[in-house]
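Encoded as C-alpha cells, the structure appears first; notes follow it.
The values are calculated or read from the model by the stated rules, or taken from the named source; none is laboratory data. Note that this is a predicted model, so its numbers are computed, not measured. Cβ atoms come from the backbone with ideal geometry, glycine included; neighbour counts cover every protein chain shown. The accessibility values were calculated without ligands, DNA or RNA, using every heavy atom of the protein model including side chains. Shrake-Rupley method; radii C 1.70, N 1.55, O 1.52, S 1.80 Å.
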Amino acid sequence: MTDERGRVAEAPGPSGPTADVGAAPRRRWTVGGWRLAALAPGLPQLLAGRWGGGLMALWTWVGLLWLTFARVERLAPAARGGVDQRIALGTLVCGLVAAWTWAVRDARRGPPAPGAPLTQWDL
C-alpha cells in the first residue's frame with residue numbers, strides 16, 4: 001500500500017478495548033510471599049525474576065550469616081572489646097537486620113499500582 005506521494009503506508013495497529021499501547025505484561029511481584037522472605041531474604045524476588053533486589057538481599061543475608069557462623073569465636077568477645085570491635089559487630093547486625101527487613105517488607109507490599117512511577121529497585 002502506498003500513499004499519494006509513493007511512500008509505503010504502514011498498516012494500522014490494533015485498536016479497540018484490547019489494544020493497550022505501551023503496556024508490558026504484568027508479572028508477579030514475588031513468589032512465595034513474605035513467609036519465604038522471612039526464611040530466605042531475597043528468594044521470593046529471585047523466583048519472580050527480579051534479579052537485582054533479590055540477589056542483593058540474598059547475597060547480603062547469606063554472606064553476613066556465613067561470616068557470623070564462621071567467625072563466632074571472634075564475635076563473642078567483640079561485644080566486650082574496644083570501640084572498633086563494637087562498631088564492627090554493630091555493622092554486622094545492622095546488615096543482617098536491613099537485608100531481612102527489606103526483603104520481608106518488599107514481599108508484603110506487593111507490586112506498585114498500574115501507572116505509578118517505578119524506581120530502579122522496582123524493576
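Structure notes:
- Single residue of the stretch 45-80 satisfying the filter (among the small types (Gly, Ala, Ser) and either surrounded by 13 or more Cβ atoms within 10 Å (Cβ to Cβ) or within 29 Å of residue 111 (Cα to Cα) (or both)) that is farthest from the chain's Cα centre (by Cα): 78
- Scanning the stretch 91-104 for residues that are open to solvent by less than 30 Å² (accessible area, probe 1.4 Å) and either in contact with a Gly (Cβ under 7 Å, 6 or more places away or on another chain) or within 15 Å of residue 76 (Cα to Cα) (or both) yields 92, 103.
- Residue 35 in a helix (DSSP H, G or I), surrounded by 13 or more Cβ atoms within 10 Å (Cβ to Cβ) and of a type in the set (D, E, K, R): no
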